[in-house]
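Engineer: Quick one: the structure is below, questions incoming.
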Amino acid sequence: NVPDDQADKLLLASWGLPKAVLEKYHSLGVVQMFEWQAECLMLGQVLEGKNLVYSAPTSAGKTLVAELLILKRVLETRKKALLILPFVSVAKEKKCYLQ
């Protein structure tokens, strides 16, 4: 669980994302994360590029964790990222969304 003193970590706005990114998430109704998502982002040195393996049921929010990690790395390092998705339809959706 996320400690009470870090409850703000559930809010997307607390992760240092640009305003435009936050507005896009907010327009989709995503303002905060589930506790397990924030826990993933706070594990070890995940935000510094260390590996993370996590599992959750379909539609549980795995993609949000991956997107936040990718966005933070790309914005902070100015390097490219490779996002592999299972279906062409999902890839097209994410392409439009992330642009």
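The values are calculated or read from the model by the stated rules, or taken from the named source; none is laboratory data. Since the structure is predicted, the reported quantities are computational estimates derived from the model, not experimental observations. So basically every Cβ, Gly included, is an ideal-geometry build from the backbone, and we count neighbours across all protein chains shown. Ligands, DNA and RNA are stripped out before the accessible areas are found, and what is left, the full protein with its side chains, is counted by its heavy atoms. Shrake-Rupley method; radii C 1.70, N 1.55, O 1.52, S 1.80 Å.
Engineer: For residues in the stretch 4-41 being closer than 22 Å to LYS79 by Cα and over 12 Å from the mean Cα position of the chain (by Cα), which is least open to solvent (accessible area, probe 1.4 Å)?
Structural biologist: Here the answer is PRO18.
Engineer: Those residues that are farther than 17 Å from VAL30 by Cβ and surrounded by 14 or more Cβ atoms within 10 Å (Cβ to Cβ), I need them from the stretch 55-73; list them, please.
Structural biologist: The one that is farther than 17 Å from VAL30 by Cβ and surrounded by 14 or more Cβ atoms within 10 Å (Cβ to Cβ): ARG73.
Engineer: Criterion first (of a type in the set (Val, Ile, Thr), at pLDDT below 90 and more than 15 Å from LEU98 (Cα to Cα)) does THR58 satisfy it?
Structural biologist: Considered against the rule, which asks whether it is of a type in the set (Val, Ile, Thr), at pLDDT below 90 and more than 15 Å from LEU98 (Cα to Cα), THR58 comes out as yes.
Engineer: Ok, one more. Any idea which of (1) at pLDDT below 90; (2) farther than 16 Å from SER14 by Cβ; (3) open to solvent by less than 70 Å² (accessible area, probe 1.4 Å); (4) among the hydrophobic types (A, V, I, L, M, F, W, C) is the one ILE84 doesn't satisfy?
Structural biologist: The number of the failed condition is (3).
Engineer: So which residues in the stretch 61-81 are modelled with pLDDT of 90 or more and among the small types (Gly, Ala, Ser)?
Structural biologist: Those that are modelled with pLDDT of 90 or more and among the small types (Gly, Ala, Ser): GLY61, ALA66.
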